[in-house]
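Working notes, structure below.
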Amino acid sequence: MNSNKTFLILGASSDLGVGLVKKLNSDYTDSLFCLHYNSAKTELEKIELSNGNRMELIKADFTSTSDINAMIQKLKDEEKIPTHIVHFPASKLLYTRLKDFDLERLQKNAMIQVYSFVEILKAFLPAMVKRKDHNKVVAVLSSVVNGQPAKSMLEYTMVKSMLYGVIRQLAADNAGNKININAVSPSMVETKLLSEIDSRLVEMAADGSSEKRNATVDDVVPTIAFLLSEDSNYINGVNLNVSNGNVIL
């Protein structure tokens, strides 16, 4: 039944996060959306829920261990243990080569995207497994972990590969436990995360794609929603390639 679920959507204020919340609102009833954000919540506040669904906005800076722990404790204290976890957090995309490598920046990005996710799963995954009811975990990665990555994306590829390792290992560790731990890897998506890179590079990525365009939020969200649905109950440990053939495995 698509009802009475508790979604913990990390990085819900992202363009993909907002799009997913709108999609889930139409697919589920009487469910709770715990929506994490860091600095911007305006787009989340604009969402009008229906079907008996409700939301709770939770602010946390994922570069802060104390913020992460406070968010976890708040959810536990309020007995809002998720049935579904979606992980979107990411820093804005930067092109970096070996000579540009910055350890401090890498550690910050790893904290936002990887370490925070591991701490949250450490807190909630055991209870999700114990339910034996096909609870769901989905992380949004990138097509850089599939096949050959684009040039000059060293730090980005490192962090996404770390996150992919978490998904693969936890899926293996929990195989047969009636929980589904999966990932989605889109090619370049037209979102505000691209705002700090040269627009010419975004255009080049679009020109190099099979349809001469980059992916949109609407191209990616349905795949995430599928992995959150009961239709994915027999899928575990996969990384779905959403690149329109730009990456062929």
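The values are calculated or read from the model by the stated rules, or taken from the named source; none is laboratory data. Remember, predicted model here, so these are calculated numbers, not experimental data. All Cβ positions, even for glycine, are placed from backbone atoms using ideal geometry, and neighbour counts span all protein chains on display. These area figures cover heavy atoms from the full protein model, side chains too; ligands, DNA and RNA do not enter into them. Shrake-Rupley method; radii C 1.70, N 1.55, O 1.52, S 1.80 Å.
General remarks:
- Yes/no for GLU78 being under 20 Å from LEU125 (Cα atoms), modelled with pLDDT of 95 or more, exposed (fewer than 14 other Cβ atoms within 10 Å of the Cβ) and not hydrophobic (A, V, I, L, M, F, W, C): yes
- Some residue of segment 43-62 being among the aromatic types (Phe, Trp, Tyr), touching a helix residue (DSSP H, G or I) at 6+ places or on another chain (Cβ under 9 Å) and open to solvent by less than 20 Å² (accessible area, probe 1.4 Å): yes
- Of all residues in segment 150-167, those being open to solvent by 50 Å² or more (accessible area, probe 1.4 Å) and assigned to a loop (DSSP other than H, G, I, E, B) number 2.
- Cβ-Cβ contacts under 7 Å between residues 6 or more apart (or on different chains), taken from a first residue in segment 6-29 that is of a type outside the set (Lys, Arg) and part of a strand (DSSP E or B) to a second residue that is modelled with pLDDT of 95 or more and open to solvent by 30 Å² or more (accessible area, probe 1.4 Å), are listed as THR6/LYS80; THR6/ILE81; THR29/ASN51; THR29/GLY52.
- Any chance GLY19 is surrounded by fewer than 19 Cβ atoms within 10 Å (Cβ to Cβ) and farther than 21 Å from ILE167 by Cα: no
- Residue in segment 1-16 that is farthest from PHE117 (Cα to Cα), counting only those that are surrounded by 22 or more Cβ atoms within 10 Å (Cβ to Cβ) and hydrophobic (A, V, I, L, M, F, W, C): LEU16
- Qualifying residue in segment 119-135 (condition: aromatic (Phe, Trp, Tyr) and under 22 Å from LEU24 (Cα atoms)): yes
- Of all the listed residues (LEU201, LEU193), the sole one being under 23 Å from SER91 (Cα atoms), open to solvent by 30 Å² or more (accessible area, probe 1.4 Å), modelled with pLDDT under 90 and touching a Leu at 6+ places or on another chain (Cβ under 7 Å) is LEU193.
Rundown of residues vs (1) part of a loop (DSSP other than H, G, I, E, B); (2) farther than 24 Å from VAL129 by Cβ, yes/no style:
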residue: SER39; (1), (2): yes, yes
residue: GLU48; (1), (2): yes, yes
residue: ILE58; (1), (2): no, no
residue: MET71; (1), (2): no, no
residue: ILE85; (1), (2): no, no
residue: ASN109; (1), (2): no, yes
residue: SER116; (1), (2): no, no
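- Top-ranked residue in segment 93-127 [being aromatic (Phe, Trp, Tyr) and surrounded by 17 or more Cβ atoms within 10 Å (Cβ to Cβ); ranked as farthest from ILE72 (Cα to Cα)]: TYR115
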